[in-house]
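Working notes, structure below.
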Amino acid sequence: MSDTSGRGWFRVVLGALAVVLLLVFAWKASELLILFFIAVLLAVYLSALTDWFQRRLRMPRPLGIASGVVLTVVAFWGVGFLLVPPLTAQVGELLSVLPRRLMIWEADLVRLGESYPVVRDLLGPIEEGGSYFGSIFGEIGSWFSDAVPYVFTGLWFLVHAFSVLAMAIFLTAKPALYRSELLQLVPPRNRVLASDILVELAATLRAWLGGQLMAMAVLGVFTWIGLELLRVPYALAFGVFTGLAVLVPFFGGLFSTILPALYVLPAGGGLYALAVLLLGVVVHVVEANVVAPKVFEKQVRLPPVWTLLSVLIALKLLGPIGMIVAVPILAVGRVLVKRLYVERVLEGGGYHPILSDEPIVITVPEGVGLSLSPEAERSVPGMLEVLDT
């Protein structure tokens, strides 16, 4: 075996080992990497506000960042000032009456299981003195206690919340610094491609984040108004829950649609519950087919099957916290697969530097400007010889 072939195999083995070590590190530090990804999303949000202040009001970037933070805090305070008192009252009343509703639902489930053996088999056996909802809530509690790592609990929550905010502000303050740090890890001949991909990733995350915030607001407000018109108790609490539940695709919307209908079912009857259920369906259909296409950019209109699959995979690997970041991770992965695998491997683009369509300007020692388009027939050395003569 020649020395060149031996060095080639050595590089392959070394690269494979590096990939394995990187995957092991990502698995061991998955909770902290989630925090970093949340910081990146927050930085994308702050960067959008900062860029707007810089572009429209000619603010220096540090002042733009401070203005973005202050504006966000004021907005949260204003919304909290308007919604927190009635929301707190409604949530408190809802929690006080919820045990009685659970007892009614439990009795209905028992009767349904006694009448239909298939339903009883689906629900599974319950211990003496136990209940279906008790076992469900217990399983959910253990699920979250296992899924929510130490970084989200107790004093560590405050430490890591501050860390996320600090990382987001630093990333927003000097994005070029961290971009250049990443590009230094890429071979020089591929840095143009890597820089272009980073720009597309930032645009994708910004479009997803803006669309997500708009979807949360639209679903929450429309659900609240619709439930008020139907005279459903605790409409504001259900509306806020619907807006927050959209963070989890499919499952959040499904649960937030069914929950108000289940709540009014014992007292209002089947038709009333059906009307509440249809309201939730209509609101989600309008948001998905009218609001979302106008808000979301083309690159974040993800196919539903891939979205659902990404949520299930994130749930399996990272637990409920992974469900929240599953869609932006899918959007990032889709851009990387498209740019690095589809365009460069399958379509034969290769990993050579991307040629720009703009004219190439070269300054010679005498200070004379030389302009060549990429389609020029003469080579650069040939044109320089013409200038020398």
Q. Stretch THR72-SER180 to full length: gain in nm at 0.36 nm per residue minus the Cα-Cα span?
A. 36.0 nm
Q | Cα-based Rg and Dmax for segment 189-353, where Dmax is the largest Cα-Cα distance (Å) | A | 19.5, 69
**Q.** Cα pair distances of segment 192-246 binned at 10 Å [whole percent]
**A.** 25, 31, 18, 15, 8, 2
Q. Using 7 Å Cα-to-Cβ label points, what is the GLN54/MET214 separation (nm, one decimal)?
A. 2.3
Q) Any idea how far apart GLU343 and VAL305 come out in nm if each label point goes 7 Å out from Cα toward Cβ? A) 2.5
Q) Taking neighbour counts of Cβ atoms within 10 Å as a proxy for exposure, in what order, fewest first, do SER310, SER96, SER163 appear? A) SER96, SER163, SER310
**Q.** Rounded D (µm²/s) - segment 157-197, Kirkwood Rh over Cα pairs, Stokes-Einstein at 25 °C, 0.890 mPa s
**A.** 210
Q.
At 0.36 nm per residue, and after removing the present C-alpha to C-alpha distance, how many nm does the segment from PHE36 to LEU230 gain when stretched out fully?
A. 65.6 nm
Q: May I ask you to list the trypsin sites (Lys or Arg not before Pro) in segment 10-71 that are in a DSSP loop and have at most 10 other Cβ atoms within 10 Å of their Cβ?
A: ARG58
Q.
Please compute the length gained on full extension between ALA107 and PHE251, using 0.36 nm multiplied by the number of residues separating them and subtracting their Cα-Cα distance.
A. 49.3 nm
Q | Contact order relative to length of segment 189-353, as percent, for alpha carbon pairs under 8 angstrom and 6 or more apart | A | 29
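Read-outs: derived from the displayed coordinates by stated rules, not from any lab. It should be emphasised that the depicted structure is a prediction, and the values quoted were computed from it without experimental measurement. Every residue, glycine among them, receives a Cβ derived from its backbone with ideal geometry; neighbour counts consider all protein chains shown.
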